[in-house]
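Each remark here refers to the structure printed beneath this line.
The values are calculated or read from the model by the stated rules, or taken from the named source; none is laboratory data. The model shown is predicted, which means the values in this text are computed figures rather than measured ones. When we count neighbours, we look across all protein chains shown, and the Cβ atoms used for this are built from the backbone with ideal geometry, even at glycine.
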Amino acid sequence: MGAQRKVGTRVSEDQEDLARVPLQAILLADSFATKFRPITLERPKVLLPLVNGPMIDYTLAWLESAGVEEVFVFCCAHSKQVIDYLENSQWTSQPNFSVSTIESHNSVSAGDALRLIYERNVIHGDFVLITGDTVSNMSLTEALQEHKERRKKDNNAVMTMVITQSKPSPITHQSRLGTDELFMAIDPYTKQLLYYEDKADHLKGTISLDKILLVDNPSISLQNDRQDCYIDICSPEVLSLFTDNFDYQHLRRHFVKGLLVDDIMGYKIFTHEINSSYAARIDNFRSYDTISKDIIQRWTYPLVPDVKCFGNCTTKLDRQGMYRALEIGQSRSAQIGPFTVIGNGTNIGNDTKISNSVIGEGCTIGSNVSIEGSYVWNNVTVEDGCKLRHAIVCDGVIMKSGAILNPGVVLSFNVVIGQHFVVPAYSKVSLLQQPIKQDSDEELEYADQSSGVADIPSITSTSDQLNGELISKLSERRSWAASEVGTGGVGYIWSVCEGGHEEEWRHSVAPIPADKLAEVMQTTDDELELSAQDGNVLPPSGELKHDFDSEDDDNEDSRDESVYFEKEVEATFLRAVNESVKEDHIILEVNSLRLSSNMTSTDCAGALFYSVMKLALETAHSSTSELLMNAASLITTWQKLLKYYLPSVDEEIEVILKFEEMCSEFAKEFSPLFAQILHLLYDKDILQEEAILAWAAEKEGADESDKVFVKQSEQFIHVSIYVHFLFHNIFSDSMQSCMWSFASSMLTS
């Protein structure tokens, strides 16, 4: 594959001719950022392993599945590594899918890249613009069709941005991907983007909307609960706009915001929102962690380890989300926990515990090692007694016996950590000394200086090469202080960036500490205020309209909000289970979601119960009795959390109604167990007698189809509850009413 391609003739504007143009994509293989340092000083970000497969493979696999026929990969920093990898990859032999590279040694921004591609004249129609760190399983059909239909009516509609819902935390003003809170103004009818600001949590003042914007648009939807997927469908004019405006460097900060304020040319950007599909970009270490977990938990299907295997071996899915390569060595006493991936050729010693982690290929893990929530790449040696918590360990690293990595640590390539050395939380360690400058183009200089030396570990090197030949060559140009990482250690501990360790937790692979969340809640007194330039205060999200929504629209919006809230609570709960998060921390997160979504304790109670029962269903079982055991175990484990959101009878009734819904949704699995699980909830003091009787009484006048679960529970209610109250003679007025109503219905039946 080379950068040069024959220039095709310009296609006519006839629609039938346009339809025959193959769908093309531009993939930017350079992030033009420094967020993944020190790792990206030695290897390009797109070749970093994501659940044991290079990031770029996920992006290319999606483009191929979405119907893209021709991809131009633009590579700059470490371009030799990218080109070499692609030339020796599966992508050179795919039918109806062409991958070509365009190389540059002096582009320092996305704008420079697009200007160079324009000069090559290789794009002949609408194209997909994407970065090589994006994971998606969405279909492009609908978004492409919308884009083409708009183009037929308006030539100024030059771009469609893909967005999805991802509410930020009201505490940290960040999404679950660690990206800043994003504010957008969108026309709810045409989906035209009218305003875009991605630095909301850093602004001390207000976000101002031009008064003319409000006058010219009778309806504006202000959103702070959307995530930019960084998947754009572009018309060819986008490339020429970058060429005409050399100030355009950044895709969003310069290009998008530039078009939105340019009222002379009249170019327009539109949005396409996805709901059931997955799309996310790895922008920082936190999003690396989040997207890795999403892949393991199969939100990205079919881009999951056992279906789309990017390595050279087969990966098998076991129970509870455990993925294992076929050729691994594991001691009988080693314990591999849920949501863990073990790569080919890895050996695990006695009494070692690994959970919620990804282990690469060719690793040697000693005895009595503890690895939790971490990412250990290829050819890593972890000696006996080491402990790793929420850390990233790159290829060729050696951790000597008893070494400890505290949460948030990043060890770059071939670092050696000395015996019993404790690496402080959020530290970054590298064989390279920390650069003085912080320019994104500095990685170009490092790539040029290495002259291919850093390419050695990129894909196939053995540990001997990593720790012998490579280190020998690196030492010719650099020296390091062994004492920085303990006796026998090799590497520099980088000083933290501006803001110190106090801000490192925001973009780390480690869960946000509960004390940090509490601290932020106490110190954040000034809420970000949206205001129009005439001084009118605008709400942070929702819609401003000059007309009135119908009641049906309001109900539909309410349903959408409720469904989204339940999904967010479920995702929060699953992360808590996988990462062994304490109940107090979960309550803090759920309360944040409740406040930001304007929900009630009743909504929280129903959503959490659904999450617990869904996990019971998804935990391996072969019979209804095993499913009941799963449910009993989870309800017992999380009864304090469930009870927290049940302050009154109303919330308890909501839990019963939610379980009825689940029994309808999963009729085969849960319907036979309704009475038994209801009894279990009663025994665990999660549901009180009054709530169960009130629920049964409410069904008195219902259709027979609505009484199925009441009738199934009659014996339990009559024996365990009704008799209990007769024996203790505890009757409130409301309880007497519920009891007599239910007793009458039983006698009648």
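Things worth noting here:
- Single condition residue 408 does not satisfy, out of (1) touching a helix residue (DSSP H, G or I) at 6+ places or on another chain (Cβ under 9 Å); (2) at negative phi; (3) at pLDDT 90 or above; (4) in a loop (DSSP other than H, G, I, E, B): (2)
- Subset of region 543-564 that is touching an Asp or Glu at 6+ places or on another chain (Cβ under 9 Å) and either over 30 Å from residue 357 (Cβ atoms) or assigned to a loop (DSSP other than H, G, I, E, B) (or both) - its residue that is modelled with the highest pLDDT: 562
- Criterion applied to 61, 113 was being under 26 Å from the mean Cα position of the chain (by Cα) and either of a type in the set (Gly, Ala, Ser) or at pLDDT below 90 (or both), and the one residue passing it is 61.
Quick grid of which residues meet (1) at positive phi; (2) modelled with pLDDT of 95 or more; (3) acidic (Asp, Glu); (4) in contact with a helix residue (DSSP H, G or I) (Cβ under 9 Å, 6 or more places away or on another chain):
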{"site": "372", "(1), (2), (3), (4)": "no, no, yes, no"}
{"site": "413", "(1), (2), (3), (4)": "no, no, no, yes"}
{"site": "425", "(1), (2), (3), (4)": "no, no, no, yes"}
{"site": "450", "(1), (2), (3), (4)": "no, no, no, yes"}
{"site": "459", "(1), (2), (3), (4)": "no, no, no, yes"}
{"site": "479", "(1), (2), (3), (4)": "no, no, no, no"}
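- Residue count, region 156-190 (criterion: more than 28 Å from residue 570 (Cβ to Cβ) and touching a residue at least 40 places away in the same chain (Cβ under 8 Å)): 6
- Hits in region 218-250 - residues which are over 14 Å from residue 267 (Cα atoms) and of a type in the set (A, V, I, L, M, F, W, C): 220, 222, 229, 231, 233, 246
- Of the residues making up region 20-31, at least one is more than 23 Å from residue 138 (Cβ to Cβ) and modelled with pLDDT under 90.
- Looking across region 598-621, the residues that are surrounded by fewer than 19 Cβ atoms within 10 Å (Cβ to Cβ) and in a helix (DSSP H, G or I) come down to 601, 614, 615, 617, 618.
- Scanning region 341-357 for residues that are closer than 12 Å to residue 324 by Cβ and in contact (Cβ under 8 Å) with a residue 60 or more places away in the chain yields 341, 343.
- For beta carbons closer than 6 Å, sequence separation of 6+ or different chains, a first residue in region 671-694 that is over 20 Å from residue 648 (Cβ atoms) and of a type in the set (S, T, N, Q) and a second that is at pLDDT 85 or above and surrounded by fewer than 18 Cβ atoms within 10 Å (Cβ to Cβ), there are no qualifying pairs.
- Condition check for residue 658: crowded, with 18+ Cβ neighbours inside 10 Å, among the basic types (Lys, Arg), modelled with pLDDT of 80 or more and part of a helix (DSSP H, G or I): yes
- Selection status of residue 650, among the acidic types (Asp, Glu) and under 28 Å from the mean Cα position of the chain (by Cα): no
- Flag if residue 705 is over 17 Å from residue 651 (Cα atoms), small (Gly, Ala, Ser) and at pLDDT 80 or above: no
- Filter result (of a type in the set (Val, Ile, Thr) and within 18 Å of residue 343 (Cβ to Cβ)) within region 370-415: 371, 376, 380, 381, 382, 392, 393, 397, 398
- Test: residue in region 305-318 that is of a type in the set (Phe, Trp, Tyr), crowded, with 19+ Cβ neighbours inside 10 Å, over 18 Å from residue 395 (Cα atoms) and over 19 Å from the mean Cα position of the chain (by Cα): no
- Taken over region 145-163, the residue count meeting the criterion of being buried (at least 21 other Cβ atoms within 10 Å of the Cβ) and under 29 Å from residue 291 (Cα atoms) is 6.
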